[in-house]
Amino acid sequence: MAGESRRGRVLALYHLKGGVGKTTAAVNLAYLSAASGLKTLICDLDPQSSTTYFFRVKPALKHARRVLLKGGASVADNIKGTDYEGLDLLPADWSLRHLPSLLGRVKRSKRRLREILDPFRGEYDLIVLDSPATATLLAECIFVAADMLLVPVVPSTLAARAYANLRLFLRRKGYDEAKVWGFFSMVEARKKMHQATMQAMREQFPQWLPATIPYTVDVESMGLARAPLPVRSPRAVATRRFRELWEQVAGRMDGRDPETDPWVRSFPVREVLE
Amino acid sequence: MKSPAASPLVEQSFLVPSGEAGRGVLCDLRRTFALSEDGRSRVETLYHDTFDGRLFARSRALRLAQGELTLECLDSPHEVACVAFDGSPEFADGLPPGALREALRPLTGNRALLPLFSIRSDVRAWCLTNREQKTVLRLALLDEEAASGGRSERLDHRVVVRQVRGYKKAFREVCEWLARQGVEPEANSRFGEGLKALDLDPVRMTTLPRTPLSASMSAADAVRAVLHAQYRVARANEEGIRNDTDAEFLHDFRVAVRRARSFLGQLRDVFEPAPAAELRKSLSRLGRSTNALRDLDVYLEHRKEYQALLSDPLAGDLTPLFDHGARARAAVQREVTAVMRSAAYGDALERWRTCVEEEAGLPPGRYGSEPLAEVVGARVARKCRTVLEQGYAIPENADPDALHSLRIECKQLRYLTEILAELSPEVRGVVSRLKKLQDALGRIQDLTVHEARTGEFARALSEGGGGAALPAAEVLVSRMRAERDRECAKVRGLFVKFSRSLRETEPPYSLLLPWLLPL
């Protein structure tokens, strides 16, 4: 992905359902991206500021309104270096709760986030968006801005339903579904229901990344350690799975051929949502 | 939308005094800011340049460290271009496509990139954290050693303070604290420090004498210094020729020999005629012994260009022809290497050394004590007149043989004019015009020689049963002729420009005005 004439990609972790592991995935993928040599920016778009907390940065945005509406230098001024080489953070704070309503007031609102991020594509190889659980205008801004929309799905009935709704929404609104990829998160392999749900969803929906993130204590304790899993528990199973997930994401973003790339399992798009 | 401000890496290097005082400062620094250890590592940085320091001459340094090849600017320190790279760089053309290759190509041409020196850094990393245990500043303590050709020198200790983005205050506080302790910010680049410690001069192979020439210098002293510079260049290129790393080593060796021979021939009576003639003869033999290898080098350098003159599949049919050329070159290279090991070669170089280092080897002649400007000026005027006479006589459809004689005259004039340009910079315009004319004449000569060479190789292949290349070679020869005719047609125009440049130049060229026809 790194090139001499840098044109960074935008990877968004999104789901309209909360508690599915978006922030955990965003933090670990951003860390692994930076560790692989890509200059990476992670943007915390969630007023809960969990990503900001994970990186031990104070949840405060200077001139928040200007950041959200004008972008440019006001965004650059807010970017903080993390403890990890090549990984910067745009922190969140409570004022972000106004973001959807502020976006509603500007022209070409759905393109706003993309326009704000565009100048930073020259500086970063990868921009990771950690989005809140939302179905507001902000969600549509994220769909427009992202080159790849990564959706963590807990293999449960409600999460499956939420995922079906999301895909239906994307199709009806005419968004490019080719950039939407799902992966299973918080998987408990011993649970038969999880196994069955995963199988059913894989058959029903296209484009799943093969890596599955387990529900483990290591992942849970990330909040205590306030560090990405590969730093805190480099040999943990969950760390290995996040590494696999990163390889698959990087492969997709590099545009590797799904037919020949062993990492990427591509499914034919079925008309399942009509 | 307004672009965000660029976020360059903000860092400041400080040179820490060696010994007890320096250690005390570092202990205080660590205690005052409660810095915590953040790991140790060793980094090897290898700097490269062409053997004649082309990058350094343009304030650039090429460094290879931690799998990255980076071209840095030395004037206003910044990275020009960078690429992930394994192994050792050889030629700009061999680098991965991208900004670095494009930036290097015009600087190094077809010169090989050779290791200049290395810096081994033992790095101790420290960091400063805030109340949240978040890193807000990074420091690195570097214990470094520069090495080149089996020699190594320790460099001053360095502390590099690097700002973590968004945490300016910590950076400012530490920098101010160090300044208060009398620790100086580093003024030179690491590259400069390494050069200084090892006493290296990347532009060591200059064809100009180490002492600047002046108009009033005695001709014998000045020409001897110029001959000495050529001797140094020749010696500096010998190893490269033997190792066969880069065809340019041989080229520069030959140019140095040719220049020296030309000065001895043109500036007669500056030295005693008999030893000067002996040295000239000896240099002539040196030059001749490498003619065949240089011819083949130039022929093979044009391989891509000549193949591009033909369309497929004929272009592909030329491959055996050039492969045959490469084999012939390898054989000639072995011969040259053997010559360079011979006693006769050693004697020739020793004679050259004696002549330039000991006055008794080449005693001053009739004009030896005359001022340099007068001796060279008079000779330039005469040579210029010859060139003008031959140039004005160029017909519209000039014959390559006639142009060859003009080329030799131009070459000799250029070497002399380059000495003059050292004395009066306004003559440099003439040198560049002369070079353009000379380049065109050189191309005509190359095409003439290569035409014959192509025919010769094609016949050799055909006799050996490889007749497939013959038709392609015939087409190539006809294209070469057409190309040569086009070049011949350009010569007159270039000559006119050159003669005009003489009009615009101050003496001694104004002395030639009577010969400058109104073209």
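Laid out as a table, the results:
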{"quantity": "2 or more residues free of Cβ contacts under 8 Å to residues at least 24 places away in the same chain, closer than 19 Å to B:Tyr231 by Cα and open to solvent by 40 Å² or more (accessible area, probe 1.4 Å): qualifying helices (runs of 4 or more DSSP H) within segment B:285-361", "calculated": "B:343-357"}
{"quantity": "Matching residues in segment B:42-62 - criterion: being of a type outside the set (A, V, I, L, M) and part of a strand (DSSP E or B)", "calculated": "B:Arg42, B:Glu44, B:Thr45, B:Tyr47, B:His48, B:Asp49, B:Arg60"}
{"quantity": "Residues located in segment B:444-486, provided they are of a type in the set (D, E, K, R) and open to solvent by 50 Å² or more (accessible area, probe 1.4 Å)", "calculated": "B:Glu456, B:Arg459, B:Glu463, B:Glu474, B:Arg479, B:Arg481, B:Asp485, B:Arg486"}
{"quantity": "Within segment A:63-99, considering residues that are among the polar types (S, T, N, Q) and modelled with pLDDT of 90 or more, the one farthest from A:Arg121 (Cα to Cα)", "calculated": "A:Thr82"}
{"quantity": "Odd one out for A:Ala225, checked against (1) at pLDDT 90 or above; (2) in contact with a Lys or Arg (Cβ under 8 Å, 6 or more places away or on another chain); (3) more than 30 Å from A:Arg171 (Cβ to Cβ)", "calculated": "(1)"}
{"quantity": "Given (1) modelled with pLDDT of 90 or more; (2) within 32 Å of the chain's Cα centre (by Cα); (3) of a type outside the set (Lys, Arg), number of the condition B:Pro363 does not satisfy", "calculated": "(2)"}
{"quantity": "Residues located in segment B:26-83, provided they are open to solvent by less than 70 Å² (accessible area, probe 1.4 Å), without any contact (Cβ under 8 Å) to a residue 60 or more places away in the chain and on the phi > 0 side of the Ramachandran plot", "calculated": "B:Ser59, B:Gly67"}
{"quantity": "Residue in segment A:137-153 that is more than 18 Å from the chain's Cα centre (by Cα) and touching a residue at least 24 places away in the same chain (Cβ under 8 Å) present", "calculated": "no"}
{"quantity": "Matching residues, segment B:460-484, being farther than 24 Å from B:Arg443 by Cα, in a helix (DSSP H, G or I) and out of contact with any helix residue (DSSP H, G or I) (no Cβ under 8 Å at 6 or more places or on another chain)", "calculated": "B:Glu463"}
{"quantity": "Among (1) without any contact (Cβ under 8 Å) to a residue 60 or more places away in the chain; (2) under 22 Å from B:Ile408 (Cβ atoms); (3) surrounded by fewer than 21 Cβ atoms within 10 Å (Cβ to Cβ); (4) not hydrophobic (A, V, I, L, M, F, W, C) - the single one B:Gln230 does not satisfy", "calculated": "(3)"}
{"quantity": "Hits in segment A:135-185 (condition: aromatic (Phe, Trp, Tyr) and either assigned to a strand (DSSP E or B) or more than 19 Å from A:Gly21 (Cα to Cα) (or both))", "calculated": "A:Phe169, A:Tyr175, A:Trp181, A:Phe183, A:Phe184"}
{"quantity": "Among the candidates A:Pro119, A:Pro100, residue that is within 14 Å of chain B (Cβ to nearest Cβ) and within 22 Å of A:Glu140 (Cβ to Cβ)", "calculated": "A:Pro119"}
{"quantity": "Pairs where the first residue, in segment A:53-65, is open to solvent by less than 100 Å² (accessible area, probe 1.4 Å) and the second is of a type in the set (D, E, K, R), C-beta under 6 Å, 6+ apart", "calculated": "A:Phe54/A:Arg226; A:Arg56/A:Arg226; A:Arg56/B:Glu132; A:Arg56/B:Lys134; A:Val57/A:Lys80; A:Pro59/A:Asp93; A:Ala60/A:Asp93; A:Leu61/A:Asp93"}
{"quantity": "Members of segment A:77-88 found to be within 14 Å of A:Asp44 (Cα to Cα) and either at the interface with another protein chain (Cβ under 9 Å from one of its Cβ atoms) or open to solvent by 10 Å² or more (accessible area, probe 1.4 Å) (or both), listed by number", "calculated": "A:Asn78, A:Ile79, A:Lys80, A:Gly81, A:Thr82, A:Asp88"}
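The values are calculated or read from the model by the stated rules, or taken from the named source; none is laboratory data. Worth saying up front: this structure is predicted, and the values here are computed from it rather than measured. Note: ideal-geometry Cβ built from the backbone for every residue, glycine included; neighbour counts use all protein chains shown. All accessible areas refer to the heavy atoms of the entire protein, side chains included, with ligands and DNA or RNA removed. Shrake-Rupley method; radii C 1.70, N 1.55, O 1.52, S 1.80 Å.
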